[in-house]
Amino acid sequence: MKAAAITAKNLSKHFDASGASLEVLRGVELQVAAGEFVCLLGPSGSGKSTLLHCLAGLDEPSSGTVTVGGRTGQELLGASGYAMQKPLLLPWRTVRDNVMLGPVLAGRTRASAAHAADELLGQFGLAAFADQYPGVLSGGMAQKTALLRAVLYNYD
């Protein structure tokens, strides 16, 4: 097996809700190798999104550790692209501008980000909609745009 690119060791997360502690994750152990594809399955409220938030650095575990690409703690924030459950596209930006947002905010030039975006828009079936605004997209196309934005974040 390849070395783990993502690990969670004894990961737990609880939230304070209405004066009580709500345990969402307890003792999670996870190892994902580079290039490995993993799917999280579980009922609503089982902690899937909370786990992803911890892996992306958007939330801190209550206990345990998370390592992604050798990064831990605050180093995780902004180190990876992440597609949320809802597309959360900016309605005043075109499809191309929405997918370029991550790389531009990370310091890439607009020209470099546009070149990368144009390379992938066709592969995602969005080339014909590159200059359209999110309001004209179907739900599936909006989700693909959000997914491409996450992919483009670390695309070279």
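The values are calculated or read from the model by the stated rules, or taken from the named source; none is laboratory data. What you are looking at is a predicted structure, and each value in this text was computed from that prediction instead of being measured. Counting neighbours? That spans all protein chains shown, and the Cβs are built from the backbone with ideal geometry, glycine included. Accessible surface areas use protein heavy atoms only, side chains included; no ligands, DNA or RNA. Shrake-Rupley method; radii C 1.70, N 1.55, O 1.52, S 1.80 Å.
Worth pointing out:
- Index of the failed condition, Ala56 passing every other in (1) open to solvent by less than 20 Å² (accessible area, probe 1.4 Å); (2) touching a residue at least 40 places away in the same chain (Cβ under 8 Å); (3) under 13 Å from the mean Cα position of the chain (by Cα): (2)
- Pairs linking a residue in segment 1-22 that is free of Cβ contacts under 8 Å to residues at least 12 places away in the same chain to a residue that is of a type in the set (Asp, Glu) and loosely packed, with under 15 Cβ neighbours inside 10 Å, with Cβ atoms under 8 Å and 6 or more positions apart or on different chains, are Leu22/Asp16.
- Residue within segment 110-117 that is free of Cβ contacts under 8 Å to residues at least 24 places away in the same chain, in contact with a helix residue (DSSP H, G or I) (Cβ under 7 Å, 6 or more places away or on another chain), of a type in the set (Lys, Arg) and open to solvent by 20 Å² or more (accessible area, probe 1.4 Å) present: yes
- Qualifying residue in segment 45-53 (condition: open to solvent by 80 Å² or more (accessible area, probe 1.4 Å) and not small (Gly, Ala, Ser)): no
- Looking across Lys13, Lys2, one residue alone is basic (Lys, Arg), modelled with pLDDT of 85 or more and either open to solvent by less than 70 Å² (accessible area, probe 1.4 Å) or outside any strand (DSSP E or B) (or both). It is Lys13.
- Tally, over segment 118-131, of residues that are open to solvent by 50 Å² or more (accessible area, probe 1.4 Å), in a helix (DSSP H, G or I) and of a type outside the set (Gly, Ala, Ser): 3
- Applying the condition of being among the β-branched types (Val, Ile, Thr) and under 10 Å from Ala83 (Cα atoms) to segment 132-156 and asking which residue is surrounded by the most Cβ atoms within 10 Å (Cβ to Cβ) yields Thr145.
- Condition met for Glu36 (among the charged types (D, E, K, R), in a helix (DSSP H, G or I) and surrounded by 12 or more Cβ atoms within 10 Å (Cβ to Cβ)): no
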